[in-house]
Structures are given as C-alpha cells and as structure tokens.
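The values are calculated or read from the model by the stated rules, or taken from the named source; none is laboratory data. Small disclaimer: the values here were computed from a predicted structure and weren't measured. Cβ placement follows ideal geometry from the backbone for every residue including glycine, while neighbour counts extend to all protein chains displayed.
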2 protein chains.
Amino acid sequence: MTAPVTAAMIALADELAEAAAAIARRYFRTPVTVDTKADASPVSIADREAERAMRALIEARFPDHGIWGEEFGRVREGADFVWVLDPIDGTKAFLAGKPTFGVLVGLVWRNRPVYGVIEQPHLRERWAGGAGHATTLNGQPVRTRLCPALAQATLFATSPEMFGANLPAFERVRSRVRYPVWGCDCYAFGLVASGFADLAIEAGLSAYDWCALVPVVEAAGGVITDWQGQPLTPDSDGRVVAAGDSHLHGEVLRLLADG
Amino acid sequence: MTAPVTAAMIALADELAEAAAAIARRYFRTPVTVDTKADASPVSIADREAERAMRALIEARFPDHGIWGEEFGRVREGADFVWVLDPIDGTKAFLAGKPTFGVLVGLVWRNRPVYGVIEQPHLRERWAGGAGHATTLNGQPVRTRLCPALAQATLFATSPEMFGANLPAFERVRSRVRYPVWGCDCYAFGLVASGFADLAIEAGLSAYDWCALVPVVEAAGGVITDWQGQPLTPDSDGRVVAAGDSHLHGEVLRLLADG
C-alpha cells in the first residue's frame, strides 16, 4: 500500500527544514552553550531551539501525527504518520564551524520512512524526496550514479571511532575502495543521492539520523539498508549502508558480513 | 629581518586565489577527468588548469619570483621569493562533491612561509594573513581561541590512513580531546585560525600543503610547527600540528613525542 502522503505534508517538511535551518544559521560559528548528554554527545542551544520550532509547526498543522525528535523525545508514537527529527545532525561538526552538519526531517508512515529532507543551512543546500517524488537538490532533480566496481568507488564515513566493534567489517570495504573520504555526517548521503559519491557507511546511528536519509537516497535511484540488507525502520540497529548502484550495494553487504 | 612583502604581492595572492577558485567552481560537481599520479593521488583537469592560471599571473607580475606548484613542479628555486601553490588541496573531497577542499597560495621568503591564502571556492570563503597583516576571513579579522585543557579541545584531522606509522602518536592526542572531527583538509586550518576549533594535526603532507597554512594560523594568533616543534619550511617532513593556544600546542607536542 502506498503511503497517503499529501502535498501539505511535503510542504510542511520543507517548512520544518527552513525553520530549523534559520535557527542553526543564527548560532553557527558563535559561542553557544554546550552540554554533554548522557551518551557524551554534545547538545547546544541551537539543537533545542530548532527542534522546538519544528515541533510547534507539526502540532499546529497535523496535531494527530506523532513526533520523535532527538532532543525532546516522542509523542503519539502509535500514529500512522510520525515525524522523525534531528535538528542538527553532526553536532560536533556544527560546533567546530564545519558546514557538513544538517537538519534532518523524516516522515515515517506505519514504521516505514517515506519522505525525507536533508538541509545544510550554511550552504543553503536542501535535498528532498520520497513518496513518489524524485529527489531534488534545491529543486533540481538529482540521480545516483552507477559504479562498475568497488575499486572505483568513493566511500564516505563520518569517523573511525563510531564503528567500535564493527571496525574490522568496515575496514574490509574501506581497504578496497578507490577513495575513502571522512567526516561528512548526513551530508554524505546527499552527495551519494546526487551521484558525486558512491557509498556511505555508518554505524552507531539513531533513528532520527537515518529516517530522513532513506527516502532521499531511494528516490534518487540508490539503495539504503542496514548492514544485513534489511529495510531501515525506526527500530533498526544503527548500522547503515547506502549505495548509488545496487550491484555495488550487494558487493558491500557481502564484505560487511564476511567476518 | 622582516620579509619585504609588498602590497602588490599581497594583491597578487588574492588574485591567484580568485583565479584558481573560479576554475575550481566551474569543474566542481561535474564529471572531470581523473588520472592517478605516481603517488596514487587523484589529479583532475581542474587542478592543472587552476595551477596554469596562477603560474601565468605570477610570471606576468613577478617574473623573477620562484614558483613551486603541486602539478607542474618548480622554477627559479633559488629566488628570494617563491610562490608555493596547491591549486586544489583535498582533491578527493573535491572529486566527491564535498566543499572542504581549497585553493592554497603560500608566499615563501628565504625558505620561510610569510604570507598565505586558504580559499574555499564553493563557499566563497577566503582566509588570508601574514607579513604583518592579521588574518582575515573574507576581509574580517579573525583570531584563534584559547583552550585551557586538551580535554576541552576540538581536533581536526583529514583521515586515519594518512598517519601510517605515526598513527599511535596521533592516537595519544585524539584519545584525550573532547571532539575529534575528521575530513577537513586545509579548511581545518582556517577553522582553527577563526577560533572555531583548537587543533589540526596532519601527516604525509607536502610543502604546497602547508606553506599557505603557516602564515594564516600564525597571523591569527596560533602556533603551527612540525611534530618536533620546529618551524615549518618547504623542507619539513610533512607532519604538521597547529593549535590556537600555544600552551595546548606544547602539551600536544609532548604527547606526539612520547612514543
């Protein structure tokens, strides 16, 4: 069954990204208050203010939809539609002045991510797609590229530390690609959707990290799953692999599994 | 003795960055021809065209100055003034569509880097400084920040692979900082100069990678040396450590040396 995503929901997704991006831009490269959360990740005033703004917009437009945000948790989890929000993905990059962080807006229908937005506020670049709409970057359609062999591939990953016990599996892929490129957070998935890179592999992510990425990559012609090749849902285990070329995706899954 | 850098040389440094940036922008995120050089690093049409444009400008203005460029080698090495050029630092990032690559222009006088420009073409961000001129970002003065302790520091490095045998030494620092952030190439040194981050540590660099960085970091109040704490010259060994706070720089040198 196709998700009954309406034009009003798609318009809201854009509006949420715009609202959060304006707040992120206001705080970017200024001294912001940084707290350390229970999981030792940094959270800033900008994160909180951006999520509050998005939540208020959703409550006003679709008061029966669920919301799941990184900073303020979940409401109406049982709703058919749930908005999964990361106000600032890549907070470390944000705090270091590096413009590869992003605002993530994912719309989930019956546990499936169906529409997504990745917004880079400083660059004013926005990928959006899903629910029958091909992915666009600032309104222009984008498409993943084919990659005939792993030895030709450009691979993005955010940091070696995030892999933990999964590092040997990741290394089996990294050691075989042409160019490993580090440190891109959600922005890497936009670059894969645009056909500038071939692979993005991450581990240790949370649902608000990937729910927006899935529709953006898929609606650009790519494949994005967990490391077992299963579809990503809000309950997945935090290991994500995206490929522009489905053949390459299969090859990478085999390498990740071959422990 | 103070280097006799003239206003015309400083104007030329800007002009070189502008010329190379325009070429980089033209090719960024388009399919470009990629060759692999002897050292397996990628080189694109954009690199070569940008360096040619910079060389022509130098030959026209200062025909007695030396030039040392990444793509086309050295001329007039014995000159007092030598322009050290990297048309696209971070070629892998450039080819992957990631806007953290940069144009590097370094002016070296009697083997000392005395003026530098770091330009990010896609973001149109340009750091410039040295020879008695405080570092600016797009014309606005910038300043490194103090960092009271390594445990508070944000650290940039481009990739774990580049460290090779130096990885254990680097890890002694990385494991003690608050936020390690990966994948920034020359842009990291601009962020340190601006006081958005505290440390940038690299290895395996070439002279055209660091000659531009040295004056930009120093004229913003920071310290940048090799891993032994020695001043960087075109003959240094490719291991670079920059800190916004000189006390932090000393602490990092001790950790890097303590093998």
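Numerical summary
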{"read-out": "The range A:203-259 - residue that is in a helix (DSSP H, G or I) and of a type in the set (Gly, Ala, Ser) and, of those, nearest to A:Asp47 (Cα to Cα)", "value": "A:Ala207"}
{"read-out": "Positions within the range A:186-199 being outside any loop (DSSP other than H, G, I, E, B) and within 11 Å of the chain's Cα centre (by Cα), in sequence order", "value": "A:Tyr187, A:Ala188, A:Phe189, A:Gly190"}
{"read-out": "Residue count for the range B:143-176, restricted to those that are in a loop (DSSP other than H, G, I, E, B), touching a residue at least 24 places away in the same chain (Cβ under 8 Å) and either within 10 Å of another protein chain (Cβ to nearest Cβ) or surrounded by 22 or more Cβ atoms within 10 Å (Cβ to Cβ) (or both)", "value": "6"}
{"read-out": "Counted residues, the range B:227-236 - those being out of contact with any helix residue (DSSP H, G or I) (no Cβ under 6 Å at 6 or more places or on another chain) and either surrounded by fewer than 20 Cβ atoms within 10 Å (Cβ to Cβ) or basic (Lys, Arg) (or both)", "value": "5"}
{"read-out": "Residue check, B:Ala169 at pLDDT 95 or above, in contact with a Leu (Cβ under 8 Å, 6 or more places away or on another chain) and under 29 Å from B:Asn111 (Cα atoms)", "value": "yes"}
{"read-out": "Residues of the range B:237-259 satisfying the condition of being under 14 Å from the mean Cα position of the chain (by Cα), buried (at least 21 other Cβ atoms within 10 Å of the Cβ) and of a type outside the set (Val, Ile, Thr)", "value": "B:Arg239, B:Ala242, B:Ala243"}
{"read-out": "Per-region count, the range B:87-142, residues part of a strand (DSSP E or B), free of Cβ contacts under 8 Å to residues at least 40 places away in the same chain and touching a Ser or Thr at 6+ places or on another chain (Cβ under 9 Å)", "value": "1"}
{"read-out": "Residue satisfying condition, being over 30 Å from B:Ala96 (Cβ atoms) and either within 14 Å of chain B (Cβ to nearest Cβ) or surrounded by 18 or more Cβ atoms within 10 Å (Cβ to Cβ) (or both), within set A:Val103, A:Val82", "value": "A:Val82"}
{"read-out": "Residue among B:Gly190, B:Gly90, B:Gly130 that is within 13 Å of another protein chain (Cβ to nearest Cβ) and at positive phi", "value": "B:Gly90"}
{"read-out": "Filtered residue count, the range B:5-55, keeping only those that are surrounded by fewer than 13 Cβ atoms within 10 Å (Cβ to Cβ), part of a loop (DSSP other than H, G, I, E, B) and modelled with pLDDT under 95", "value": "7"}
